[in-house]
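Working notes, beginning with the structure itself.
Derivation of every value follows stated rules applied to the coordinates shown; laboratory data play no part. Because the structure is predicted, anything quoted here is derived from the model rather than measured. FYI the Cβ positions are ideal-geometry reconstructions off the backbone, even for glycines, and counts take in every protein chain you see.
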Amino acid sequence: MLIDLDVQVGSRCKIQNNALLYHGAVLGDEVFIGPGVCLTNDRYPRAAAPDGSLKADADWVVSGVSVERGAAIGAHAVVVGGVRIGAWSMVGSGAVATRDVPAHAVVAGNPARRIEWACRCGHPLDAAFICATCGAKHMLVDAAVVVLV
Ligand SMILES: [Zn+2]
């Protein structure tokens, strides 16, 4: 496991073995990071400048991943630098998240695409945005799901 410099980890997170959390990642509270997850931080990676000189720290921009409260990232998923993983969303195992993931979305594949919506309890929502497991009701607002209290 690697938790690089300037990585922020919230309270009650669970980070599994072999995860790679590179410089600039910000994890909210209650975030799950599965085994082998990789959170990258360079949108335009190059080992050297066009003239062949090695790049220094000042020669690139850190684009850390942000993972909002309660989100879960499955085993061996990759999140590209600068991507925001919305609250209570779920990134499937082996997915490659190249774009922001809305709150409560479940995404899978490469590039990751939304396949369903998830409740805070982790289980899927039905077509009416109700969780069959815990009964919580939700509503779609601005292309993201929110919980109705
Ligand atoms: Zn639920």
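Take the chain, connect every pair of alpha-carbon atoms lying under 10 Å apart with a spring to form a Gaussian network, then pick out the residue of 97, 132, 48 with the largest mean-square fluctuation.
Result for the chain, Cα springs under 10 Å: 48 fluctuates most.
Where both partners of a DSSP beta bridge lie in the chain, what percent of those bridges are antiparallel, to the nearest 5? Can you show the working numbers first?
Numbers: 12 of 35 bridges.
Percent antiparallel among DSSP bridges in the chain is about 35.
Residue 143 to residue 110: FRET efficiency via 1/(1 + (r/R0)^6), r the Cβ-Cβ distance, R0 25 Å, to the nearest 0.05?
Numbers: r = 22 Å, r/R0 = 0.86.
E(calc), rounded to 0.05, equals 0.70.
For the chain, set up a Gaussian network in which alpha carbons nearer than 10 Å are linked by springs, and say which option among 122, 74, 52 fluctuates the most.
52
What does the charge count around residue 79 come to, taking other residues whose C-beta lies under 11 Å from its C-beta (Lys +1, Arg +1, Asp -1, Glu -1)? Before the final figure, lay out the partial values.
On the way: positive: 84, 99; negative: 100.
Summing Lys and Arg as +1 and Asp and Glu as -1 gives +1.
Cα convex hull of the chain: how many Å³ per residue? All intermediate terms of the calculation are to be shown ahead of the outcome.
Numbers: hull volume 17.4 nm³, N = 149.
Output value, Cα hull per residue: 117 Å³.
Please compute P(r) over all alpha-carbon pairs of the range 1-85, binned at 10 Å starting from zero, and give each bin as a whole-number percent.
20, 50, 20, 9, 1
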